[in-house]
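Here is the structure we will look at.
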Amino acid sequence: MRFAPRTPIEARTEGATSPEGTVPTVAEADRRRAFERLSRQIARCTLCPLSQSRSHVVVYRGSPVPRVVFVGEAPGAEEDRQGVPFVGRSGKLLDRALETIGPALGGYGVLNVLKCRPPGNRFDPGAAESCRPYLERQLALLRPRAVAPLGARALRSLDPRSPPILVAAGAARQGPAGWLFPLIHPAAALRSRRLRERWERDVRALGAWLEAPPFEML
């Protein structure tokens, strides 16, 4: 799976952000339909025991043609209740941070490694393996220019050889499938003033990176 590169023809026809409301290209429309089919498949998933305890499957929110996709670890209680990723306290902090980036961010999307809430909010590695094909297919169809893992488990899911999150966060790196820009998890920023300052600094660094070449030309 490669989520970053586009051919020169695709880059010209789709544009950097492909704003919603414009007429999609044939290839883009096909990917949107494929993503909708995948989303329905994920919503019916029973591959692991988490399907027995969930209220809702949590699939995706955001643009159908995102420039950046933010990948969290797992749904929490509010996400499980609504069936939408990052709508609780962590989600509100994430949304406020993205507002500060402004136009440089472009269209974006948000999803999780796990599609169902694990009991006690404890990340389940076995469930993550069951969900991995879904995660890879989502990114392959969304084709973001970069992926921003939120937290250590999301980073390791996308790049098993990555350094610890506190080392990797706040700087772009090439992962196995393309550009990554790791960030600490918003929940961590809510628990610590020091980490809140780190979160805000790293979000500003993400905005600066998105405005700088060569990324702005991808």
Given 10 °C and 1.306 mPa s, compute D for region 40-86 with the Stokes-Einstein relation, Rh being the Kirkwood radius over Cα pairs; round to the nearest whole µm²/s. 136
Any DSSP H helix in the chain with Cα axial reach of 18 Å or more and mean Kyte-Doolittle score of at least -0.5? Listed by number, the hits are 89-101, 125-142
Give the order of Arg191, Arg122, Arg89 when sorted by the count of other beta carbons within 10 angstrom, beginning with the fewest. Arg122, Arg191, Arg89
Would you be so kind as to identify which of Gly109, Gly178, Val87 lies farthest towards the positive end of the dipole of region 63-218, taking Lys and Arg as +1 and Asp and Glu as -1 on Cβ and the Cα centre as origin? Val87
If the only charges are +1 at each Lys and Arg Cβ and -1 at each Asp and Glu Cβ, what is the size of the charge dipole of region 8-217 around the Cα centre, to the nearest 20 debye? 540
What number, rounded to the nearest 500 deg cm²/dmol, is the helix-based mean residue ellipticity at 222 nm of the chain, given -39500 (n - 2.57) per DSSP H run of at least four residues and division by all its residues? -14000 deg cm²/dmol
Classify region 104-208: rounded, prolate or oblate, from the alpha-carbon gyration tensor (a ≥ b ≥ c, eigenvalue square roots; a/c under 1.5 rounded; otherwise prolate if a/b is larger than b/c)? oblate
As I understand it, the dipole of region 168-218 uses +1 on the Cβ of Lys and Arg and -1 on the Cβ of Asp and Glu, about the Cα centre. Which of Leu190, Ala208, Ala169 lies farthest toward its positive end? Leu190
Is the shape of the chain rounded, prolate or oblate, going by the alpha carbon gyration tensor and its root eigenvalues a ≥ b ≥ c, with a/c under 1.5 for rounded and a/b larger than b/c for prolate? oblate
Provide the packing ranking of 46-52, 182-188, i.e. peptides ordered by the mean count of other C-beta atoms within 10 Å per residue, highest first. 182-188, 46-52
If I take R0 = 41 Å and measure r between the Cβ atoms of Arg89 and Arg33 in this structure, what FRET efficiency does the formula 1/(1 + (r/R0)^6) give, to the nearest 0.05? 0.75
Shape verdict for region 39-123, please, from the Cα gyration tensor: rounded (a/c under 1.5), prolate (a/b greater than b/c) or oblate. prolate
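Since every read-out is calculated from the coordinates, none of them should be taken as a lab result. Since we're looking at a predicted model, the values are computed, not measured. When we count neighbours, we look across all protein chains shown, and the Cβ atoms used for this are built from the backbone with ideal geometry, even at glycine.
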